[in-house]
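Working notes, beginning with the structure itself.
Throughout, read-outs are computed from the coordinates displayed, never taken from laboratory work. For clarity, every value in this text was computed on a predicted model and none was experimentally measured. Backbone-built Cβ (ideal geometry, glycine too); neighbour counts: all protein chains shown.
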Amino acid sequence: MYAVLRVRSSFEKSQGQRKTLEQLHITRVNHCSILPINGSVDGMIKKVKHLVTWGEIEPQTLSTLLKNRSSIDGGLDDDLVSEHTEYGTVDEFAEALISGDADFSDMPDLKNLFRLHPPRGGYKGVKKPYKNGGTLGYRGKDINTILEKMLGPEANKGE
């Protein structure tokens, strides 16, 4: 699964690009959406690649996002997951989401959108591609690093 993170505003961008951002569920800067890897998602990302950064999310990072920044009040916990799904823990549910065995709709009120803090240390240039030392574009597994920087202090409350 891709984690798509909006880095730049869509101010003075075309209506088509703004509509694509809405379809990706990333309507504001620092919003992250978890999406399946397929041709239609790749096409939408390509259309707004100058506004977002994306890569493959790892199960541990997705689990931390679900626990700390999910759309469910108080975050997602093991009891809630075991009550509504066949999985016993948030970690198992995150792995099932990534493998495609589960879906966000399996949990009531759970969305694939995460509202995050700006990254600690800031972005490394929002007008340059990642491979040239900037922030934008495809970053592969390195998306997990920037997401961890954006989780904020509440991500470490259990450790």
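So for the chain, averaging the separation of alpha carbon pairs under 8 Å that are six or more residues apart and normalising by length, what relative contact order in percent results? Present the calculation step by step, with values, prior to reporting the outcome.
Values: 256 pairs, mean separation 42.1, N = 159.
Result for the chain is 26 percent.
Of the listed values (i) 1.24; (ii) 1.19; (iii) 0.96, grab the one calculated as Rg/Rh (Cα atoms, Kirkwood Rh) from the structure here. Of the listed options (i) 1.24; (ii) 1.19; (iii) 0.96, (iii) comes from this structure. When Ile72, Ile98 are sorted by how many other C-beta atoms sit within 10 angstrom of their C-beta, beginning with the fewest, the order is Ile72, Ile98.
Would you mind calculating the relative contact order of the stretch 1-86 from Cα pairs under 8 angstrom and at least 6 residues apart, reporting the percent as a whole number? Could the numbers behind the result be given before it?
Details: 87 pairs, mean separation 29.7, N = 86.
Relative contact order here is 35 percent.
Placing a pseudo-label 7 Å from each Cα along the Cα-to-Cβ vector at Lys131 and Arg18 gives an inter-label distance of 3.2 nm.
Net charge of the neighbourhood of Gly16, taken over other residues with C-beta under 12 Å away and scored Lys/Arg +1, Asp/Glu -1, is +3.
Can you tell which of Phe114, Phe93, Phe104 shows the greatest fluctuation in a Gaussian network model of the chain with Cα springs below 10 Å? In this elastic network of the chain, the residue with the biggest mean-square fluctuation among Phe114, Phe93, Phe104 is Phe104.
Neighbour counting of Cβ atoms within 10 Å sorts the residues Val29, Val52, fewest neighbours leading, into Val29, Val52. Rounded if a/c is under 1.5, else prolate if a/b beats b/c, else oblate: with a ≥ b ≥ c from the C-alpha gyration tensor eigenvalues square-rooted, which is the stretch 81-159? The shape class here is prolate.
Each Lys or Arg adds one and each Asp or Glu takes one away; over the other residues whose Cβ falls under 12 Å from the Cβ of Leu147, this sums to +1.
Short to long, the 10 Å bins of the Cα pair-distance histogram for the stretch 59-110 hold 29, 66, 5 percent of all pairs.
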